[in-house]
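Take a look at the structure below.
Bear in mind these aren't lab numbers, they're just calculated from the coordinates by the rules spelled out. This is a predicted model, so every value here is computed, not measured. Positions of Cβ are backbone-derived with ideal geometry, glycine not excepted, and every protein chain shown enters the neighbour counts.
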Amino acid sequence: MQFHRSTIAALAATVVLTLFTADGSGANADSSEILRTEAQASPSTSELTDETVPAQFVSEEVVQPLPATKEADEASRADSLHELVSTMPRPAALSREMECLAGAIYFESRGEPLAGQLAVGQVVVNRAASGKFPSDYCGVVYQKSQFSFVRGGKMPRIDRNSAAWGRATVVAKIAHEGLWDSEVRDALFFHANYVKPRWSRTKVARATIDSHIFYR
């Protein structure tokens, strides 16, 4: 009789322990489900400001990689942006996204100092990451009424053998990988200093570099 009572007591203890353990797993599973749901949520809003786009454009989110060790080392050793640009090799090939970023730099600022070229690239990168504009570089560049060099949803012809295009591709890589801080920081807008668009009155100026003024 004592044997049966102790056996029953042991079984009861086992059942209680099992129920307790199951409750703990349930709480963890619910937390994981919430995290998965939040991670899958993705806002998508666009804001127009100013030019021309392809009739149909599928936006693809830009994935910004961590800087490669060699390039990060070069950036940490460089004393100036000029030195970094001169030591980095010209990319052998560009993805469509990097073509769009380099194209914006080339057409908007190829005649300006490297700081001005990086600033233009930084604005494109900032827009793609802001949630207020298309989430990829081509979407940003070809968004209607944004960049005056885009006509009929197309860029003009690029002289791909020129030193200016080579520099633009390197600056685009630096901007994309965040290898050098631009003084325009989080700027999302810019215009030439010989015009004063109405929208500039509602923005906060971040920097003036050569012939462009940059705003948040």
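Could you check how many residues of the stretch 192-216 are without any contact (Cβ under 8 Å) to a residue 24 or more places away in the chain and either assigned to a loop (DSSP other than H, G, I, E, B) or closer than 14 Å to S109 by Cβ (or both)? Outline the logic, then answer.
Of the stretch 192-216, the ones without any contact (Cβ under 8 Å) to a residue 24 or more places away in the chain are 192-196, 198, 200-206, 208, 213.
Those left that are additionally either assigned to a loop (DSSP other than H, G, I, E, B) or closer than 14 Å to S109 by Cβ (or both): 192-196, 203-204, 208, 213.
Matching residues across the stretch 192-216 total 9.
Got at least one residue in the stretch 161-180 being over 24 Å from L81 (Cα atoms) and assigned to a helix (DSSP H, G or I)? No; the residues of the stretch 161-180 include none that is over 24 Å from L81 (Cα atoms) and assigned to a helix (DSSP H, G or I).
Hey, can you tell me all the residues within the stretch 152-196 that are exposed (fewer than 13 other Cβ atoms within 10 Å of the Cβ) and under 26 Å from S135 (Cβ atoms)? Listed by number, the residues that qualify are G152, K154, P156, D181. For the stretch 90-133, how many residues are in contact (Cβ under 8 Å) with a residue 60 or more places away in the chain and assigned to a loop (DSSP other than H, G, I, E, B)? Counting residues in the stretch 90-133 that are in contact (Cβ under 8 Å) with a residue 60 or more places away in the chain and assigned to a loop (DSSP other than H, G, I, E, B) gives 8.
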